[in-house]
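Reviewing the structure listed below.
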Amino acid sequence: MDIAHGSRHEAEMIDPFGRSIEYLRVSVTDRCDFRCTYCMAEDMTFLPKKDLLSLEELDRLCTAFVEKGVRKLRLTGGEPLVRKNVMHLVRQLSRHLDSGALKELTLTTNGSQLSRFAAELADCGVRRINVSIDTLDPGKFRTITRWGDLSRVLEGLEAAQAAGIAIKINAVALKGFNDEEIPDLLRWANGRGMDLTVIETMPMGEIDADRTDQYMPLSLLRARLEQQFTLNDIPYRTGGPARYVQVAETGGRLGFITPMTHNFCESCNRVRLTCTGTLYMCLGQEDAADLRAPLRASEGNDLLSQAIDEAIGRKPKGHDFVIDRRTNRPSVPRHMSVTGG
Ligand code: SAM
Ligand code: SF4
């Protein structure tokens, strides 16, 4: 079928709960040049390089999803911009933007490599990106990322804005670390024309810290922010799970991602692919489908397409994340960097 002009109805993937799956997130590498304390342990064992899909295989897989109705593709990781030759993949995928089959190609990045790649990303049709910054204090930034340099990230932001890319800042709200700083982060981001989204920390993978100490319910954060700001709920959506408010005092937007206090599984439209070709139908469940074997089994896409249909047919209703003192094990053993945030 000509995916640019073919019937959308034909290409739709519908899961058992009637949700249309239009959004694919791809973790192009589980490696990273940072070690954020809530995301990774300092000493990580990464996937063996030999298990990685090549960039050509990743392109083939993404293309199969686009042909099956995916309209939005997000590259993530690990840090997507540390994967060797990743721009080759971005350039390849941009043909689906040109054809009109894909509505949006985007990425989530820690920003460390952005100044190098911003212009090329824009040239490939990337219009919006998410950059993760949890604090604007260089010392605290180094503490939370273990290895990160805030000034490089800020240079990256400037390069992306100069290239015409819209930026959303992601911050994980961490009790006693940056919760007091969120008002400043909000004024800073909105003051530079960037949205800010705050995220509840999720119990994924073993880390060195205790998540119960870090966990900050966003209902509490919102109540605190409302003492300083007028937050008006708005229907704005970007295809992700964030719920947005317009901030009267800054004129900008603030998003809340609340997997713990209020999950939005009923409207989940996405699945996640790892760099080894494993498809996770839910961030918070272990069930997964291996797409690497059907991908490699033949040059045609029939087996792959069948495997994708079977996987979508098993998409669960939702996750069961819990963070409390009795449950001090992660809800899922894999780190966020494997499936991509
Ligand atoms: N390296 C890129 C980055 O940091 O933006 C992309 C991958 S990172 C895993 C994607 C997002 O997940 C980041 O915004 C990060 O802060 C968030 N994240 C990582 N671990 C998390 C956790 N346990 N709970 C909630 N968010 C997490
Ligand atoms: Fe790397 Fe992103 Fe995880 Fe931080 S949150 S360690 S930048 S993958």
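A few notes on this one:
- Using the Karplus relation 6.51 cos²θ - 1.76 cosθ + 1.60 with θ = phi - 60°, the per-residue 3J(HN,Hα) values for region 284-297 come to x, 10, 8, 4, 8, 10, 7, 9, 5, 4, x, 5, 8, 5 Hz, with x marking Gly and Pro.
- Contact order relative to length of region 1-148, as percent, for alpha carbon pairs under 8 angstrom and 6 or more apart: 28 percent
- In a reduced charge model with +1 at each Lys and Arg Cβ and -1 at each Asp and Glu Cβ, region 176-319 shows a dipole moment near 460 debye about its Cα centre.
- Using alpha carbons only: equivalent-ellipsoid semi-axes of region 213-321, gyration tensor based, whole Å: 38, 15, 11
- Each Lys and Arg adds +1 at its Cβ and each Asp and Glu adds -1 at its Cβ; summed about the Cα centre, region 22-134 shows a dipole of about 260 debye.
- Hz values of 3J(HN,Hα) by residue in region 91-105 - Karplus curve (6.51, -1.76, 1.60), Gly and Pro given as x: 4, 4, 5, 5, 5, 6, 6, 4, 7, x, 5, 9, 7, 8, 10
- Selection from Thr63, Met194, Ser298 lying farthest towards where the dipole of the chain points positive, charges on Cβ: Met194
- Both the radius of gyration and Dmax for region 15-71 are 15.4, 41 Å, in that order, over alpha-carbon atoms.
- Long-range HN-HN contacts of Glu249 with modeled amide H, under 5 Å: Thr230
- Whole-Hz ³J(HN,Hα) from phi, Karplus 6.51 cos²θ - 1.76 cosθ + 1.60, for region 202-215, glycine and proline x: 10, x, 10, x, 6, 10, 7, 8, 9, 5, 4, 6, 7, 5
- For the chain, the relative contact order is 22 percent, taking Cα pairs closer than 8 Å that sit 6 or more residues apart in sequence and dividing their mean separation by the residue count.
- Relative contact order of region 224-279, defined on C-alpha pairs under 8 angstrom at six or more residues apart (%): 23 percent
- Cα-Cα separations in the chain greater than 29 Å, expressed as whole percent: 37 percent
- Among 42-50, 252-260, 175-183, the order from most to least packed when residues are scored by Cβ within 10 Å on average: 252-260, 175-183, 42-50
- Percentage, to the nearest whole number, of Cα pairs in region 126-166 over 10 Å apart: 71 percent
- Among the cysteines of the chain, those with no neighbouring cysteine Cβ under 4.7 Å are Cys32, Cys62, Cys124, Cys265, Cys268, Cys275, Cys282.
- Computed from point charges on the beta carbon alone (+1 for Lys and Arg, -1 for Asp and Glu), the dipole magnitude for the chain about its Cα centre is near 160 Debye.
Since every read-out is calculated from the coordinates, none of them should be taken as a lab result. Nothing here was measured: the structure is a model prediction, and the numbers come from that model. So basically every Cβ, Gly included, is an ideal-geometry build from the backbone, and we count neighbours across all protein chains shown.
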